[in-house]
């Protein structure tokens, strides 16, 4: 079963320096039908103005993944990490018992477009940690590249949950069949472009909640970039 979640149905906020769409309940956006999907708790589609960002603030007991689509984000945290995250890079921060961090757009002229993703961990507590890796477009062209997993398989960043996150680029004749188990949940988010998923057309910002399926066809992409989450069913 595929349930379509249209981009314009998501929550929305515009703070001037920050424009966001919320796929799940977040901050002042409350929607009892969209609190989480399995362990997937947050996908915020953020546009951050040049030179602006989030000051130092805290998190705990959450797996936080940052996926930059345009521009860059400068990260600093209480573990002493400091880095810029750019398109193609995936940053994972396990908040554990607590971590403080800041995120700023380092450009003086261009805005940053990123996806902030939160995944509920399979256990509370533990030490906070940080990881960042680059995956080139050739690794994602016409396929789904594993970028996050519970065991760090295939060079992916490691998250503390039975969730695998994939990134893929699809255009023209590029297509694939993604296989999973019927007892798992799959969430497909279109970061940009347009793509057809099991016969349903999705455009930028749209998502598909997929349940009780073993085969997911991704095809007819038009400059599409997609994220796919293959997850344990926590319902």
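The numbers here are math on the coordinates, done by the rules we state, and not lab data. Note that the structure is a prediction, hence the values are computed from the model and not measured. Every residue, glycine among them, receives a Cβ derived from its backbone with ideal geometry; neighbour counts consider all protein chains shown.
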With Rh as the Kirkwood radius over Cα pairs, the range 137-231 has Rg/Rh of 0.95
All alpha-carbon distances of the range 89-171, grouped into 5 Å bins from 0, give the whole-percent distribution 3, 12, 20, 22, 18, 14, 8, 3, 0
To the nearest 0.05, the calculated FRET efficiency linking residue 60 and residue 214 through their beta-carbon distance, R0 being 41 Å, is 0.70
Cα-only Rg/Rh for the chain with Kirkwood Rh rounds to 0.94
Expressed in µm² per second, the diffusion coefficient of the range 1-62 from the Stokes-Einstein equation, with Rh the Kirkwood radius over alpha carbon pairs, at 4 °C and 1.567 mPa s, is 98
Computed over the chain, the relative contact order (Cα-Cα under 8 Å, seq sep at least six) in percent reads 19
In whole angstrom, the spacing between the Cα centers of the range 65-137 and the range 191-212 equals 25
Beyond 20 Å, the calculated P(r) of the range 10-134 holds a percent of Cα-Cα pairs equal to 43
